[in-house]
Structures are given as structure tokens and as C-alpha cells.
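**Q** Could you have a look at this structure, given as C-alpha cells, before my questions?
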Amino acid sequence: MQEGIEKFNFEHFHQVFTLLGRCTEDYLFVYDLQQDLYTISEAAVERFSLSESTFYQATDRLQAVCYPDDWQMLQENIQGIIDGTVYEHNMEYRWLSSSGHPIWISCRGQIILDDNGKAKYMVGRITELGRRNIIDNVTGLYREPRLWSDLSKIAKEPEKHGYLLQVGIDNFKEINDKYGKAYGDDILLTIADCVRVCVNDEGSIYRMDGDEMLVVMEKPSASEVDPARKLYHRIRQKVDESISKSGYQHFYTISGGSVYFDGQTDIDEDFIKQAEFALHQAKIKGKNTYVKYNKEEYELFVKRLDMQERLRQAVEDNFRGFELYYQPIVNIEKHKILGAEALLRWQDEVFGRVSPAEFIPLLEESGLIIPVGRWIMKTAMKQCQKWQKEDPDFRVNINLSFIQLKKSDVIKDIDGYMDELHLSSRNILFEVTESGELEEGNMTKKILQSFQKRNLNLAIDDFGTGYSNFRYVKEMMFHLVKIDQSFIRNITQSQYDYMVVKQFTELAHSLNLQVCYEGVETVEELQCVLELHPDYIQGYYFAKPVPAQEFEENYLCKIQGF
Ligand code: C2E
Ligand code: MG
Ligand code: MG
């Protein structure tokens with residue numbers, strides 16, 4: 001007889017089997033190969049795509065629970081055992097969980113023969129490979145797989161209520177990088193101990209990815225309005241105490257995010273993401289703080305992610321839905337249109353027409369502004385080349401994002417396109433928005449100075465909204481200052497705004513810089529600002545931004561009467 005194949009008396013087997021099944025985290029099984037009948041521990045029914053623990057037509061059922069890619073391998077093994085050509089079952093493969101995702105299992109079985117020497121039973125156990133490591137070695141807390149099985153139990157209770165509190169260590173990566181992993185582990189353990197003391201057996205604590213821990217609290221005291229906040233503050237106080245005990249050798253803080261559940265809540269992966277999201281919000285709000293999950297904020301966050309994804313697809317699909325509009329800029333002295341500012345528009349099938357104020361920050365956050373920025377430059381420059389044939393002085397203004405300056409070789413791109421199109425630098429102007437980053441970044445300063453070396457025109461956009469520091473305007477060799485429309489909006493009513501615009505204009509002129517006013521909408525505003533002698537005006541009074549074709553028909557080479 002082959003090793004591992006034994007004869008066995010099967011009486012009272014089922015009773016013993018059920019009892020044994022309750023004593024282990026593994027799943028025990030008996031497979032009657034001749035009747036195609038299968039029995040597995042009851043716990044497996046909750047975990048995997050199985051509707052009952054004992055079933056006939058086992059081959060079909062096994063095929064259904066097996067991850068499709070792994071079925072052939074499993075089937076060949078079982079067939080070999082039935083045919084008597086294979087004597088062992090010891091495999092690692094995947095079963096589908098009750099929610100349909102694959103779970104790695106290790107399955108080992110012993111074969112029992114009947115009186116004729118044919119395979120009759122396979123008896124064995126299935127271990128979830130991910131569960132082997134149940135406790136986290138650093139903190140002594142449960143690891144994530146345990147969280148899932150605990151939550152799936154809570155999910156089934158109709159009367160459930162409670163909360164999840166996710167706690168994260170602020171700047172943990174920097175702590176690890178600066179003081180080493182062993183020190184980082186010490187902090188994790190300290191904080192886990194603080195959490196343990198505060199939770200005090202009333203809830204369960206799990207170590208999540210990286211520096212995060214999650215508390216699951218069922219049925220908290222009804223008297224508190226936001227018990228998760230209270231728990232967070234207790235933990236924070238404990239952490240502060242432990243830092244103070246250590247003599248403030250190092251300092252660190254924690255943030256917390258919570259989400260509540262009750263009988264109506266679907267406790268699934270999305271639900272845990274909500275606690276994670278609340279923690280993320282706490283970090284955005286300056287860290288060392290607590291945030292309770294807010295549905296509207298979460299939906300906005302998800303919408304932004306979806307929109308970013310649509311933008312990515314649009315870029316990949318040859319900039320589908322992007323278009324440049326052009327808004328005339330009027331030369332006041334010459335009473336004619338000097339040129340136009342190219343302004344990006346985006347029309348999406350899902351989100352419709354989205355405002356640049358909404359989608360440009362998303363392009364910037366995702367880095368997509370770099371390819372889109374190249375597309376804008378090329379498209380606007382081609383347009384300029386065309387219009388320049390009708391008006392040799394025509395100038396197109398192109399907006400450059402700070403990200404383009406910082407993260408791409410923007411000068412190289414500009415040189416390339418201008419050479420290709422034989423454009424002269426006097427026909428293009430680049431607008432850069434005033435921002436703190438612009439002033440602080442030494443590198444950006446160098447890049448902007450290299451614009452000057454190449455004789456490229458630069459404007460500072462939205463002037464007056466940021467630092468409004470004329471020294472750096474001069475240092476960075478801007479040619480034009482565009483005063484932000486927020487000053488023009490109230491200029492007929494506000495003496496203060498009028499004086500600010502007047503002072504800005506005089507100062508700019510004294511530094512040999514030209515001035516453009518943005519956002520002039522009414523004839524009253526126009527009359528008012530003309531007293532201040534700007535060089536250029538851009539605003540709805542003259543024209544709104546329009547598609548290239550419309551610009552060509554209505555504004556190109558047209559004298560502007562006013
Ligand atoms: P910006 O560069 O300051 O552009 C001027 C904005 O003011 C444009 O808004 C324009 O439509 C609007 N505007 C002009 N005149 C008036 C007026 O009289 N009244 C009012 N209420 N608004 C007026 P838009 O097109 O929505 O663009 C908003 C911002 O988005 C731009 O401000 C710019 O910062 C950014 N942006 C637009 N296109 C691009 C682009 O191609 N690249 C980059 N990096 N940013 C862009
Ligand atoms: Mg602009
Ligand atoms: Mg502006």
C-alpha cells in the first residue's frame with residue numbers, strides 16, 4: 001500500500017468532524033470521491049462562495065468555488081486520485097471568498113481506499129495562507145485578515161451599532177527615515193500600548209498598513225455624542241504622557257478618523273475606506289487632530305478621483321474634449337486688439353463642461369498638466385502662427401502652471417515648438433500666476449531668468465492675490481503685470497481698490513513694466529480704469545473667451561472702438 005493511504009472505519013465520523021472543526025482556524029473536509037459528496041467545516045460557508053457545508057455534485061461545486069485559473073490543476077489532481085495514478089493531494093491555489101475575490105489556500109488531503117483498493121475518501125484540511133500570520137510581531141495587535149473575519153460577523157447582526165476609529169502617526173515616514181526602522185517600531189509599540197490602555201478590552205484593535213491602527217468599538221456608551229472623538233483624545237493624552245515620561249527625546253503626534261455604523265450600514269471594503277478617508281482629512285487639516293467621516297466630503301473626494309480618471313483617459317485618447325478658447329486683449333493706446341489669451345476648456349461625456357477652476361487643479365495634482373501643457377503650447381503657437389500672417393504683431397498669451405516650470409523642461413519644449421513653427425519670441429507671452437512657491441523656489445527663479453535670456457516675454461498673472469512683492473517681479477524679469485480681476489470687480493465702489501490699482505500701476509510703470517487689467521465688464525468700469533492708464537485691458541466688456549474660429553471671424557484685425 002502507498003504511504004499516506006490507510007483504511008479507516010467511518011462510524012460516528014460526522015460528529016467528531018464537526019467538533020474538531022470548531023477547534024481550529026483551519027477548515028476540515030471529507031470528500032467522498034465515489035459518491036461525489038463533500039463535507040467541510042461550517043465556518044467555510046461564511047468565508048467562501050459555498051451555500052452549505054455538505055453537498056452532492058461536489059465536482060461542480062468545487063469548480064464554482066475554485067478561482068477559474070486554478071481549476072484545471074485541481075481537477076487533474078482529483079481525477080488522478082480517482083484513477084489511482086496520483087496518491088497525494090497537497091496544493092496551494094485559490095478559492096473565491098463569499099464576496100467573490102480570490103483567497104490563497106493551502107489544501108492537504110489523505111486518501112482512504114475501499115475494500116477493492118479504489119480511492120473512496122479524501123480527508124484533510126484547508127488553511128488560509130494569509131491567516132497564518134494572525135498577530136503583528138511589532139505591536140502584538142491583530143493583523144488585517146482578522147479584522148475582515150471579525151467585521152463579517154458584526155455585519156450580520158441586525159442590531160449592530162458602533163464605530164471604527166483609525167489612528168495614524170503623523171509624519172511616520174520621516175520619523176523612520178530620520179531615526180531608523182527600529183526606532184519607528186518602538187514608537188508603533190508605544191502607541192499600540194496607549195491605544196490598548198484606552199480601549200481597555202471594550203473594543204478590538206488591529207494593525208493596518210504602515211503606521212495605522214484601527215479600533216472597532218461595538219455598542220459604545222449611549223450618553224456620548226461622539227465617543228470616537230473622546231477615545232481619540234484619550235489616546236492622544238496617553239501618547240503625550242509617554243512622550244513626556246521619555247523626557248521629550250523625540251516628539252510625535254497622532255491623527256484620528258472615525259466612521260459610525262448601525263443596523264442599516266453595509267460593512268464592506270468601502271466602509272473601511274471611509275475611516276481611512278476621515279483620517280486622511282485629519283492629516284490634510286494640519287495633523288494632530290480628529291475628523292469624523294462626512295459623506296458630502298467623501299463624495300466630493302470620490303468625484304475628484306473620478307474626474308481625474310476621466311482627464312487621464314481624455315489625455316490618453318489624444319486630448320479628447322480639450323479645446324482652446326481665445327479672449328482678446330486690447331491695446332489701449334493703439335485702440336486695437338493686441339492679441340489673445342489662450343484659455344483651456346474641457347468637455348467630458350460624463351461630467352459635461354467643467355470649469356477650468358475645477359479641472360486645472362486636478363491636472364496639476366496628477367501631473368497631467370505636463371502633457372496637457374505641451375498640447376496647449378503647441379496648439380496656441382500653431383494658432384498664433386496662422387493669425388500672425390494676417391496681423392504680424394499678433395501675440396498669444398499662454399498660461400504656464402507652476403508644476404510645468406518645476407517638473408518639466410519647459411524651456412526645451414518652448415524652444416522646440418518655436419523653432420518648428422518659425423515663431424518669433426515677440427509673438428508669444430507666457431503668463432505665470434503669482435504664488436508663494438514662485439517667490440520661494442530658487443529653481444523656479446532660475447527657470448524664469450532663463451526665459452529672459454532667451455528674450456521670451458513673461459507676465460505675472462492674478463497680481464495682488466498672492467505676495468504682491470514688486471522686488472521679485474523686477475528680479476524675475478517680468479514684462480507685464482496682470483492685475484487680478486478681484487480688484488476691478490469693485491473698483492467703481494471701493495476707493496480702497498481704486499487706490500490699490502492706481503498704486504500698483506504707477507509702481508509697475510516706474511519699474512518699466514507694462515500693466516494689463518483683467519475682468520473689466522461694464523462701461524462704468526472701463527471709464528473708471530481708463531483714468532489709471534493701463535497699457536492693456538482684458539474683459540467681458542470687450543469680449544468673452546471664444547473658440548478659435550469665432551475669434552477669427554469677430555476679432556482678428558478688427559479695430560476696437562471705445
Ligand atoms: P487667468 O489666467 O487669470 O484667466 C483669466 C480668467 O478670467 C479666465 O477664466 C477668463 O475667462 C476670466 N475673465 C476674463 N475676463 C473676465 C471678465 O470680464 N469677467 C469675469 N468674471 N471673468 C473674466 P477661465 O477661462 O475660467 O480660467 C480660469 C483660470 O484657469 C485662468 O485664470 C488660469 O489660471 C487657468 N487656466 C485657464 N486656461 C489655462 C491653461 O491653458 N493653462 C493653465 N496652466 N491654466 C489655465
Ligand atoms: Mg492668465
Ligand atoms: Mg488672471
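The values are calculated or read from the model by the stated rules, or taken from the named source; none is laboratory data. Predicted, not measured: the structure shown is a model, and the values here were computed from it. Here Cβ is always computed from backbone atoms with ideal geometry, including for glycine, and neighbour counts include all displayed protein chains. Protein only, heavy atoms only, side chains kept; ligands, DNA and RNA dropped before computing areas. Shrake-Rupley method; radii C 1.70, N 1.55, O 1.52, S 1.80 Å.
Residue-wise test of (1) away from ligand 3 (no atom under 16 Å from the Cβ); (2) among the basic types (Lys, Arg).
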| residue | (1), (2) |
| --- | --- |
| Leu344 | no, no |
| Phe359 | yes, no |
| Gly373 | yes, no |
| Lys382 | yes, yes |
| Lys386 | yes, yes |
| Asp391 | yes, no |
| Ile411 | yes, no |
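**Q** Would you point out the residue of the stretch 522-553, among those that are surrounded by fewer than 15 Cβ atoms within 10 Å (Cβ to Cβ) and within 16 Å of ligand 3 (Cβ to nearest atom), that is nearest to Ile483 (Cα to Cα)?
**A** The selected residue is Tyr540.
**Q** Taking the residues in the stretch 229-252 that are touching a residue at least 40 places away in the same chain (Cβ under 8 Å) and of a type outside the set (D, E, K, R) as candidates, determine which candidate is farthest from Gly180 (Cα to Cα).
**A** Among them, the one singled out is Leu231.
**Q** So for the stretch 465-483 (the condition being closer than 30 Å to Glu323 by Cα, exposed (fewer than 14 other Cβ atoms within 10 Å of the Cβ) and either within 16 Å of ligand 1 (Cβ to nearest atom) or of a type in the set (Phe, Trp, Tyr) (or both)), does at least one residue qualify?
**A** no
**Q** With the condition being open to solvent by 10 Å² or more (accessible area, probe 1.4 Å), I'd like the strands (runs of 3 or more DSSP E) fully within the stretch 103-220 carrying at least 2 qualifying residues.
**A** It comes to 119-128, 203-207, 212-218.
**Q** Quick one: which residue in Ile337, Ile369, Ile360 is crowded, with 22+ Cβ neighbours inside 10 Å and touching a Ser or Thr at 6+ places or on another chain (Cβ under 9 Å)?
**A** The unique qualifying residue is Ile369.
**Q** Being more than 9 Å from ligand 1 (Cβ to nearest atom) and either open to solvent by 40 Å² or more (accessible area, probe 1.4 Å) or of a type in the set (S, T, N, Q) (or both) is the filter; apply it to the stretch 395-415 and report the residue that is nearest to the chain's Cα centre (by Cα).
**A** Of everything passing the filter in the stretch 395-415, Lys407 is nearest to the chain's Cα centre (by Cα).
**Q** Something else now. Taking Ile460, is it modelled with pLDDT of 95 or more, under 14 Å from Asn397 (Cα atoms) and either within 16 Å of ligand 1 (Cβ to nearest atom) or buried (at least 18 other Cβ atoms within 10 Å of the Cβ) (or both)?
**A** When the stated conditions are applied, Ile460 does not pass them.
**Q** Mind checking which pairs have a first residue in the stretch 206-222 that is free of Cβ contacts under 8 Å to residues at least 40 places away in the same chain and a second that is in a loop (DSSP other than H, G, I, E, B) and not aliphatic (A, V, I, L, M), Cβ under 8 Å, 6 or more apart or different chains?
**A** Going by the 8 Å Cβ cut-off, there are no qualifying pairs.
**Q** Working carefully through the options Met499, Met443, Met418, find the one that is on the phi < 0 side of the Ramachandran plot, away from ligand 3 (no atom under 16 Å from the Cβ) and open to solvent by less than 50 Å² (accessible area, probe 1.4 Å).
**A** Met418
**Q** Still on this model: Restricting the search to the stretch 244-269, which residues are charged (D, E, K, R) and open to solvent by 80 Å² or more (accessible area, probe 1.4 Å)?
**A** Selection gives Lys245, Asp266, Glu269.
**Q** Another question about this same structure. Go over the candidates Lys303, Lys287, Lys273 one by one and state the one that is part of a loop (DSSP other than H, G, I, E, B), more than 30 Å from Gln527 (Cβ to Cβ) and open to solvent by 70 Å² or more (accessible area, probe 1.4 Å).
**A** Lys287
**Q** Taking the stretch 57-98 as the search range and keeping residues that are in a helix (DSSP H, G or I) and polar (S, T, N, Q), which one is most open to solvent (accessible area, probe 1.4 Å)?
**A** Gln72
**Q** Further, regarding this structure: Six or more apart or on different chains, Cβ atoms under 8 Å: show the pairs whose first residue is in the stretch 311-325 and under 18 Å from Val546 (Cβ atoms) and in contact (Cβ under 8 Å) with a residue 60 or more places away in the chain and whose second is in a strand (DSSP E or B) and open to solvent by 40 Å² or more (accessible area, probe 1.4 Å).
**A** Pairs that qualify, where the first residue is under 18 Å from Val546 (Cβ atoms) and in contact (Cβ under 8 Å) with a residue 60 or more places away in the chain and the partner is in a strand (DSSP E or B) and open to solvent by 40 Å² or more (accessible area, probe 1.4 Å), are Glu323/Arg345; Glu323/Gln347; Leu324/Arg345; Tyr325/Arg345.
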